[in-house]
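Here's the structure we're looking at; comments come further down.
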Amino acid sequence: MAETLFIPEAATKAEKYNASLPQIEALISGEPDLYANLSNIAAALKEVFGFFWVGFYLVKGDQLVLGPFQGPIACTRINFGKGVCGTAWKEKQTQLVPDVEAFPGHIACSSASKSEIVVPVFKGEEVAMVLDVDSDQLNDFDQIDQEYLEKLMGILSKTL
Ligand code: SME
């Protein structure tokens, strides 16, 4: 298993995703432990993109519970349909939020967080967890992030 990510210098965001996704896939393939894989995905995304906060919330009963992440300490539990994460779970769809202040019911784990993208991860038809990425800049995520993060979560989904 490779333990170093190789990303071309001066790459565009899409090029960084294109370079890193196969390496992240190689990193998690062959490792059956979910928490080991979630930890490495969060660390890889933090290393490549320098996200303010990146991590997972896992469905446990009727709540999302904080899983492996990189960044400042965060809220531990989120109810179904609440906040951006709970909405992604309920709607079974990615939530791309350019300004968290404008999202009804947004849960502010950190006042520094300004924009956010949350991608659901499926086990069969059901949401098993969500990937949450926060930025301290407004409008920091776009269709490129959505496309590649959904692709990455599809790769993760196959291991569940
Ligand atoms: N802002 C999220 C809560 C999780 S933290 O950002 C890490 C939400 O509204 O669901």
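The values are calculated or read from the model by the stated rules, or taken from the named source; none is laboratory data. Remember, predicted model here, so these are calculated numbers, not experimental data. As a convention, Cβ positions derive from the backbone with ideal geometry for all residues, glycine included, and neighbour counts pool all protein chains shown. To get the accessible areas, we keep the full protein, side chains included, count just its heavy atoms, and leave off ligands, DNA and RNA. Shrake-Rupley method; radii C 1.70, N 1.55, O 1.52, S 1.80 Å.
Select, from 116, 126, the only residue that is under 24 Å from residue 154 (Cα atoms), within 9 Å of the ligand (Cβ to nearest atom) and at pLDDT 95 or above. Step by step, each of 116, 126 is checked, and only 116 is under 24 Å from residue 154 (Cα atoms), within 9 Å of the ligand (Cβ to nearest atom) and at pLDDT 95 or above. The residue that is nearest to residue 159 (Cα to Cα), counting only those in segment 31-46 that are open to solvent by 10 Å² or more (accessible area, probe 1.4 Å) and among the small types (Gly, Ala, Ser), is 36.
Which of the residues that make up segment 67-77 are open to solvent by less than 70 Å² (accessible area, probe 1.4 Å) and under 17 Å from residue 43 (Cβ atoms)? Before the answer, list the steps.
To start, the set of residues in segment 67-77 that are open to solvent by less than 70 Å² (accessible area, probe 1.4 Å) comprises 67-72, 74-75.
Residues satisfying the conditions are 67, 68, 69, 70, 71, 72, 74.
Taking first residues from segment 138-160 that are outside any loop (DSSP other than H, G, I, E, B) and partners that are charged (D, E, K, R), the Cβ contacts under 6 Å between residues at least 6 apart in sequence or on separate chains come to 144/13; 155/25. State all residues of segment 62-100 that are among the β-branched types (Val, Ile, Thr) and not in a helix (DSSP H, G or I); if no residue qualifies, say none. Selection gives 65, 73, 76, 78, 94, 97. All but one of (1) in a strand (DSSP E or B); (2) without any contact (Cβ under 8 Å) to a residue 60 or more places away in the chain; (3) not charged (D, E, K, R) hold for residue 59, so report the exception by its number. Unmet for residue 59, out of (1) in a strand (DSSP E or B); (2) without any contact (Cβ under 8 Å) to a residue 60 or more places away in the chain; (3) not charged (D, E, K, R): (2). Answer with yes or no whether residue 80 is free of Cβ contacts under 8 Å to residues at least 60 places away in the same chain and either under 20 Å from residue 159 (Cβ atoms) or open to solvent by 70 Å² or more (accessible area, probe 1.4 Å) (or both). Considered against the rule, which asks whether it is free of Cβ contacts under 8 Å to residues at least 60 places away in the same chain and either under 20 Å from residue 159 (Cβ atoms) or open to solvent by 70 Å² or more (accessible area, probe 1.4 Å) (or both), residue 80 comes out as yes.
State whether the residues of segment 53-63 include one that is closer than 21 Å to residue 152 by Cβ and touching a Lys or Arg at 6+ places or on another chain (Cβ under 8 Å). Looking for residues that are closer than 21 Å to residue 152 by Cβ and touching a Lys or Arg at 6+ places or on another chain (Cβ under 8 Å), one finds at least one in segment 53-63, hence yes. Taken over segment 117-141, the criterion of being closer than 17 Å to residue 12 by Cβ and open to solvent by less than 60 Å² (accessible area, probe 1.4 Å) is satisfied by 141 alone. A count restricted to segment 92-101 and to residues that are without any contact (Cβ under 8 Å) to a residue 24 or more places away in the chain and farther than 21 Å from residue 140 by Cβ stands at 0. Can you spot a residue in segment 145-152 that is open to solvent by less than 60 Å² (accessible area, probe 1.4 Å), under 23 Å from residue 32 (Cβ atoms) and touching a Cys at 6+ places or on another chain (Cβ under 7 Å)? Among the residues of segment 145-152, not one is open to solvent by less than 60 Å² (accessible area, probe 1.4 Å), under 23 Å from residue 32 (Cβ atoms) and touching a Cys at 6+ places or on another chain (Cβ under 7 Å), which makes the answer no. Quick check on segment 108-136: of everything there that is in contact (Cβ under 8 Å) with a residue 40 or more places away in the chain and not in a strand (DSSP E or B), which residue is nearest to residue 79 (Cα to Cα)? The residue in question is 109. For segment 1-21, the set of residues classified as out of contact with any Leu (no Cβ under 9 Å at 6 or more places or on another chain) and among the aliphatic types (A, V, I, L, M) consists of 7, 10, 11, 14, listed by residue number.
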